[in-house]
Amino acid sequence: MNAWLGQPLPVLGFEQTFDQPINFPHTKHAGPVTEGGLGMDCTYCHRTVENSSTAHVPAVELCASCHRAIGSESSEELKKLRESAGIYSENNQVIVDPKKASPINWKRVHRLPDHVRFVHSAHINYLTNNPNAIKNIPEHLSIYGKENVLSSEVCSTCHGDVASMEQVHQVEPLKMGQCVNCHRENGGPTDCAACHH
Amino acid sequence: MVIENKDRSWGMVIDTDKCTGCNGCVIACQVENNVPLNDQNKFERGRVMSWMRVERYWEGEFPDVKARFIPIPCQHCANAPCEPVCPVYATYHNNEGMNIQVYNRCVGTRYCANGCPYIVRFFNYWEPIWPEEMRNHLNPDVTVRSRGIMEKCSFCIQRVRRGARKAKEENRELKDGEITTACQDACSTQAITFGDLNDPQSKVSKLSKDDRSYTLMPQFNTDPNVIYLASIKVNKEESQEEKAQSHD
Amino acid sequence: MKLNRREFLTLSGKSAAGAVLFAACSIPEKELIVQSPVDMPEDLVRGVDEWYATNWSEGAPGDGILVRVLEGRIKKIKGNPDHPITREGSRTIYDTALQIHYNPDRLNTYKVRRSKKGILSNTSETEANKLILEATNKNKKIVVVTNPTKSTSGWVSKEFAQSRGGRYLTYDPLDQYNLYDALNDLFGSYDLPIIDISNSENVLSFGADWIGGWISPAHYSSSYGKLRSENRGYFAHVEPRHSITSAAADTWLSPFPGTESEIALSIANVIINEKLVSDQQISDFLKIFPDGKIEYGYNPSDVEKRTGVSADKIVEIARKISNGKSVVFAGGSTSAYTNGKYNTFVIYALNFLLGSVGKEGGLILNPKVEVDYIDGSNKSNSIKDWQEELAQWRAGYVDTVIIKGVDLVYSMPNSLDVKGALANVENVISFGTSMNETLEASDIIIPETTFFQDWGAEIPNPLPGFKTISLQQPVVTKNSPGTKSTSSYVDKIIELESSLGSSAKSVVKKIFDNEFNDSDNGGSVKAGDKGSFLNGVQQRGGYWNIKETSDQKTPRLKNPFTHSIENTFSTTNDSNEFHLIPFTNNLNNGKLANIPFAQQIPDPITSAAWQTWVEINSHQAEEMGIKEGDIIYLKSDAGEIKCLAYPHPAVQPSTICVPTGQGTLRGGRYSEERGSNLLKILSDKLDPETGSLAWASTKVSVKRAGGNKKLPKFEGTVEAFPVEPGIPILIVAPGETAHEAEKKNHHKYQEQLNLIDKDKNNNHNGISGEKH
């Protein structure tokens, strides 16, 4: 019950995204260079996707590694980030003080219920070697005909074109039906215990 | 090469000659699989939940008496009486020879436990209580069950999955003995062996063809994947010989 | 979900609709948040587990263990197969340690009692530190008490006590003092030799429940597994109680308590008379006797009357063990009678007769290992030492007592009156992870870290034949939930006496830096510099060097025995007296009593849990009208306790077996007001030779209290069915005895004799593929 009703409204048809504590724009960072973004690879931040069950949201330290030096002074969001990371300037010097830092509590966008064990690494492993199974391919990526693709090029299958989202929202229903369909088409395990154990 | 392999058949061989009855397997299974704590109330009511249990039988009278131990997990029967009866298909036999229980599908009719002759299926009659601090040691690989759900030994499927995934990522076959169940790890005397029964080179297949091998309650024709090795009686044989000699 | 339509509409008017649905369905708040920590260590990846090698010196001394850590939390413990002690072995209680760390009753604040008559109240760390400094300054007479250990904490305790002109004592509830003394007399060393069971062909053991919990069960039970492999060895066990070691034996003898030496001497008698071994071996053995011969009266038939054991079995064992590689050893209750040391001495001396000393498959001496910064001994102080010590405390000669790792007030027998002694000590400082009786009686309580958070090094007992140092390293940080103010024992003592080093980590580093300097030949870790060496040691869980074995291959007898000691027991002035056989179960003499995992492991023999029970012979119980679950009073000359009865067929008549561990008066929700504390009613009979407590020499009277409680046990939960081909089982109804059941023919047979048909192609795929 909770799983169904926990479904974010956009997927049910309502166009709505919600604000995050810091409105991080994927467009500026991961968006293609031709459209004004930096073209960063997904896995630069979401590092553990290749060898763990989750593609974790990176630590504040990672954001601070760039934004201690770059980024405008006047941006509201960057002010919030600098506060979280303990970056402040004193006497024209930029100081990063971990004692003043605090974690950022992002609002979860994609959520699978407790009784599902979804492992990112297995899917990345498969999709990078079988690019025919990738769905929702963003326009700016060209992977036709390639035999192996980068990990960051497969994310769109389930997450959509995140690089073009100002605010991240869920685009696929991510219900069991979708999972099983894709598994059936591509010869994945259809054993219940593959995900429910 | 898929993670799931139709040619595999996971099985276990338990050597009752080596089993000392220490109950190490029982507690290891409980910790690995988030089996709820059995408080005094459960013991008194006869509702102890123990996926792997060690049964103790007595043989003889004092002073020639001996306690005999036998560990009994789910037998993962190929012809399981618990599988065809579930009205919601929450228990079934997977391609790799294991009997699977799907927790989120179970509605709690308990028809499966009714049919099991080995009584290895346990039902959560009460909501399992995990004090806040103790939730920290729960294994995240295994679902934490709530009240109303049937559960039983799963041959540590979470470990099988992890092992198979790792082998797939490294592009190689699974080695025999690479995947161990929690009970096997905890057994000091190596009485429990787990592996692929269909692989003729694996340790389990070789052990299952031992002279001493037998299965429990064969009259029910359940074709279990857990094979036991009978214990070797040293004195009995000799005393029978001596009796024969004395009669001459 | 008690949302009705009206509420739904109202809420949807006020906030974003998405949030309404989330709130309505009561998904916990924390599941809707993904937190970015401030910094993310490289090894903290969700879903990827880390295994650390460490060591649990209080609960599993000497064993190397691997701890699985996921996202900074401890999930599982198993034996370290790389470690030379543990190899493939494992202890039942490993996983219970998880709940020592994650326990709802875990202490997280300092507590102080301002005056002896005051109550304990929470206090801040700084306040408590002030008081501790005052109590341990250079002018105070200090005594440090810990559990017996040969580790960095032993060294720190000893050095600290000496720096204040005080003493360091250790206490172990059911101690093995006599064992170590006897070993010293025979082999010249207090260290346990290797009992090479895995390579042996015949094993004869007395008293020690070595498979269940004696000294190093992981090590010994994995050796037992090897003994039962291809060339199946013979194993005979002599113990009045039917423990799991007795159940595993091919031959089990149950002598009257205290008469184990008679059986050993009778076996020796048979071997010598039948000349089953060489003359050299016989003369080596007879050297232990003052006259060079065994006294008169040890024929098997004479001994049968005195010990209650069949003469045929003694002869059978004697013949079997003199044929091939054999090892004989003793421990446990055998060393705990008034003639405990004598028993142990004679039994170990049998190894001289069998020529197994210093040989493979026998007793191999361990090298004497002296390592800087590791001190202590596995031999605890004897009760005589403690009687003298407590007299000092009572007289007020001691200012401060520091206690760690042992619950003195709980474990000491009533006769010592340790609580009264503590009341006369000005400052009692105790370390503990959760409340226990000693902490309750203390003046300053320091919440302690668990071994998961501490550095340490230990020398295992027994050594595996070569020098080994086990490493204990932290696997979780001090930020583990509920442990912010806890302190590590070694760190705290070092804080009080800075000459000892700067921290526990620095001491451990010094130990391994020293080892690095000698590490060129055959050690377990080879590295180019000290830093990598320590890393290597951390990975392996310790440092060992198989080349550093004992130089003494065949030890000479150090002190021949001068006279045998009489075997006496305490009395109760009751006609219906029983020998009390205490035994240690998974609660480790009370240390794990507030761990629910440990409480609910069914005892192997009785399948009982959560209570204290009395094992009594089923025939005797029938005669006395005792049924299972009856409340029984056990009264010794030192006190009285109440237990539940459990009759079963394998108890020697006129003895009863009772487990220790329950009955604490102050312990947390899982252990308080539960069962009875057996350690209190042990009488104070001593072995006059050594002064050690004869804890197996108590006699009790057994009386029904007239009530019945259901004994919590696992037996009976599941219907019994035949478990071995061709052998029927006998169903014994509740309240019935085996005899009655036999007469009524309650047998249950397996209908088909079966062995797996090996010619048939056993394809175990079952029903595959075609299912939906």
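Every number here is computed from the coordinates shown, using simple stated rules; none is lab data. Keep in mind that what you see is a predicted model, and the values were worked out from it rather than measured. Reconstructed Cβ throughout: ideal geometry from the backbone, glycine too, with neighbour counts over all protein chains shown.
Principal axis extents of the C-alpha atoms in the stretch A:61-100 (largest first, rounded to whole Å): 22, 22, 15.
Shown for chain C is the translational diffusion coefficient from the Stokes-Einstein equation, using the Kirkwood radius over Cα pairs, a temperature of 25 °C and a viscosity of 0.890 mPa s: 86 µm²/s. The mean number of partner chain beta-carbon atoms within 10 angstrom of a residue's beta-carbon across peptide B:200-212 is 1. Mean per-residue shielding of peptide C:243-254 is 5, counting Cβ atoms of other chains within 10 Å of each Cβ. Classify the stretch C:577-708 as rounded, prolate or oblate from the Cα gyration tensor: take a ≥ b ≥ c as the square roots of its eigenvalues, call it rounded if a/c is under 1.5, otherwise prolate when a/b beats b/c and oblate if not. Because a/c hits 1.5 or more and a/b fails to exceed b/c, the stretch C:577-708 counts as oblate.
As a calculated quantity, the FRET efficiency between B:Asn171 and B:Asp64 at R0 = 41 Å, using C-beta atoms, amounts to about 0.10.
Taking the centroid of alpha carbons for each part, the stretch C:71-142 and the stretch C:287-301 are 51 Å apart.
Across every direction, the projection of the convex hull enclosing the Cα atoms of the stretch A:50-125 has a mean area of 7.0 nm². Stokes-Einstein D for the stretch C:202-297 at 25 °C, 0.890 mPa s, Kirkwood Rh over Cα pairs, in µm²/s? Rounded to a whole number, D works out at 164 µm²/s. Sorted fewest first by neighbouring Cβ atoms within 10 angstrom, C:Asp49, C:Asp63, C:Asp443 come out as C:Asp49, C:Asp443, C:Asp63. Placing unit charges on the Cβ atoms only, positive for Lys and Arg and negative for Asp and Glu, gives the protein assembly as shown a dipole magnitude near 2160 debye about its Cα centre.
Put simply, the Cα atoms of chain A extend 62, 42, 32 Å along their principal axes, the longest span coming first.
Only the Cβ atoms of Lys and Arg (+1) and of Asp and Glu (-1) were treated as charged; on that basis the dipole of chain B about its Cα centre amounts to roughly 880 debye. Rounded to the nearest 20, the Cβ-based charge dipole of the stretch C:577-708 about its Cα centre (Lys and Arg +1, Asp and Glu -1) stands at 400 debye. Rg and Dmax of the protein assembly as shown, both derived from C-alpha coordinates alone, stand at 32.6, 110 Å. Under the shape rule built on the C-alpha gyration tensor, where the axes satisfy a ≥ b ≥ c, the stretch C:604-651 is oblate, since a/c reaches at least 1.5 while a/b does not exceed b/c. Please compare each pair in B:Lys6/B:Lys152; C:Lys111/C:Lys141; B:Lys66/C:Lys591; C:Lys484/C:Lys505 to a cut-off of 26 Å on the Cα-Cα distance and tell me which ones are over it. Table pairs above 26 Å Cα-Cα are B:Lys66/C:Lys591. Dividing the mean sequence gap of close Cα pairs (under 8 Å, 6+ apart) by how many residues chain C holds gives a relative contact order of 15 percent. What the phi angles of the stretch C:360-377 give under the Karplus curve with 6.51, -1.76 and 1.60, with θ = phi - 60°, is a coupling list of 5, x, x, 9, 10, 5, 9, x, 7, 10, 10, 10, 4, 6, 10, 8, x, 8 Hz, glycine and proline written as x. Here the stretch C:594-652 and the stretch A:109-138 have alpha carbon centers that stand 57 Å from each other.
The residue among C:Ser205, C:Leu186, C:Ala218 whose Cα reaches farthest toward the positive pole of the charge dipole of the stretch C:179-233, with charges on the beta-carbon of Lys, Arg, Asp and Glu, is C:Ala218. The H on the amide N of C:Thr338, modeled in the peptide plane, is under 5 Å from the matching H of C:Thr568, each at least 5 residues off or on a different chain. Normalised by the number of residues in the stretch B:1-115, the average gap of Cα pairs under 8 Å and 6 or more apart makes the relative contact order 27 percent.
Placing a label point 7 Å from the Cα of A:His140 along the Cα-to-Cβ direction, the residues of the stretch A:158-185 with a backbone N closer than 15 Å are A:161-167. The residue among C:Pro37, C:Ser310, C:Ser502 whose Cα reaches farthest toward the positive pole of the charge dipole of chain C, with charges on the beta-carbon of Lys, Arg, Asp and Glu, is C:Pro37. In plain terms, the residue of C:Phe721, B:Phe43 with the fewest other Cβ atoms within 10 Å comes first and the most crowded comes last, giving C:Phe721, B:Phe43.
By definition, a body whose alpha carbon gyration tensor gives a ≥ b ≥ c is oblate when a/c is 1.5 or more and a/b is not larger than b/c, and the stretch C:628-695 fits this oblate description. In chain B, the inverse of the mean reciprocal separation of distinct Cα atoms equals 19.7 Å; this is its Kirkwood hydrodynamic radius. By the Kirkwood approach, averaging reciprocal distances over each pair of separate Cα atoms, the stretch C:199-254 gets a hydrodynamic radius of 11.1 Å. Geometric descriptor of the stretch C:177-357, per residue, is 104 Å³ (volume of the convex hull of the Cα atoms).
The lysines whose alpha-carbon is closer than 16 Å to the alpha-carbon of C:Lys293, local same-chain residues fewer than 8 away aside, are C:Lys275. Roughly how many Å is it from the Cα centre of the stretch A:154-194 to that of the stretch C:253-276, as a whole number? Measuring centre to centre over Cα atoms gives 75 Å.
Note on A:Val94, C:Val718: ascending count of other Cβ atoms within 10 Å places them as A:Val94, C:Val718, the fewest first. In chain B the longest region clear of GluC sites (Glu not before Pro) that are loop-assigned by DSSP and have at most 14 other C-beta atoms within 10 Å covers B:62-169. Computed over the stretch C:462-597, the P(r) tail beyond 19 angstrom holds 74 percent of alpha carbon pairs. Proximity of backbone amide H atoms, modeled 1.01 Å from N, is registered between C:Glu448 and C:Gly432, C:Thr433, C:Ser487 at under 5 Å, excluding neighbours fewer than 5 places apart on the same chain.
Its alpha carbons considered, the stretch C:354-424 gives a radius of gyration followed by a Dmax of 18.7, 54 Å.
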